[in-house]
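The values are calculated or read from the model by the stated rules, or taken from the named source; none is laboratory data. In this text, all values refer to a predicted model and were calculated from it rather than measured experimentally. For accessibility, only protein heavy atoms count, side chains too; no ligands or nucleic acids. Shrake-Rupley method; radii C 1.70, N 1.55, O 1.52, S 1.80 Å.
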Amino acid sequence: MNGMAKTLRNVIGGITLNAKYKILLLLTFITAFFLTGCGKDAELENYKANMNQFFENIRVIDSSINALDPNSETAVSDLLSLLDSMNTSFEQMASLNVPDGFPGVDELADEASEYMSEAVSYYHQAYEGEYNAAFEDAARQNYEYANIRFQYIVSILHGDIPEEIYTYEDDESPSEDVSEDSGETVTESE
């Protein structure tokens, strides 16, 4: 196996792991959405339909990536075309109007789309013409960042805000407690 095919197999394998996770999340997401019974809100129904389409697009792209033969003469162009499609799907997902009740999803979707766009751009730079490992590494890193944000979105849509994205707001003034032993006021600082 030549070096380019081996590297391409590693790229396809790296993408596959994330895509398999997406499929699992897709099934969980669809099940959770249907179990919530929120069929009264048109905005939510529209969002649900659009997200279901997004997940279906990702599933099809994942299947196509998994079916690529890294030894094929067209493997690189096929992979880049599929990644372009994935990028388009992420852009469409980021453009959706997110209904109330899903804090942070709009911003996370924008970030996921930006990272996916960067990843796809770097994959093109890595594989079009002479192979460039540095661009491939940058692509993989951005791809991972996009997927992390995607995973956060799915968690929030399920009603779980991931601990990794909690933001803690500083209080206007430090809290004060009265010490039981001395009766003096103790000020906590953050």
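A few points about this structure:
- Of all residues in region 119-141, those satisfying the criterion of being within 19 Å of the chain's Cα centre (by Cα), open to solvent by less than 20 Å² (accessible area, probe 1.4 Å) and not acidic (Asp, Glu) are 119, 120, 123, 139.
- Residue count for region 86-118, restricted to those that are open to solvent by 50 Å² or more (accessible area, probe 1.4 Å) and farther than 17 Å from residue 161 by Cα: 9.
- Filter result for the condition that a residue is under 16 Å from the mean Cα position of the chain (by Cα), at pLDDT below 95 and not polar (S, T, N, Q), over 70, 103: 103
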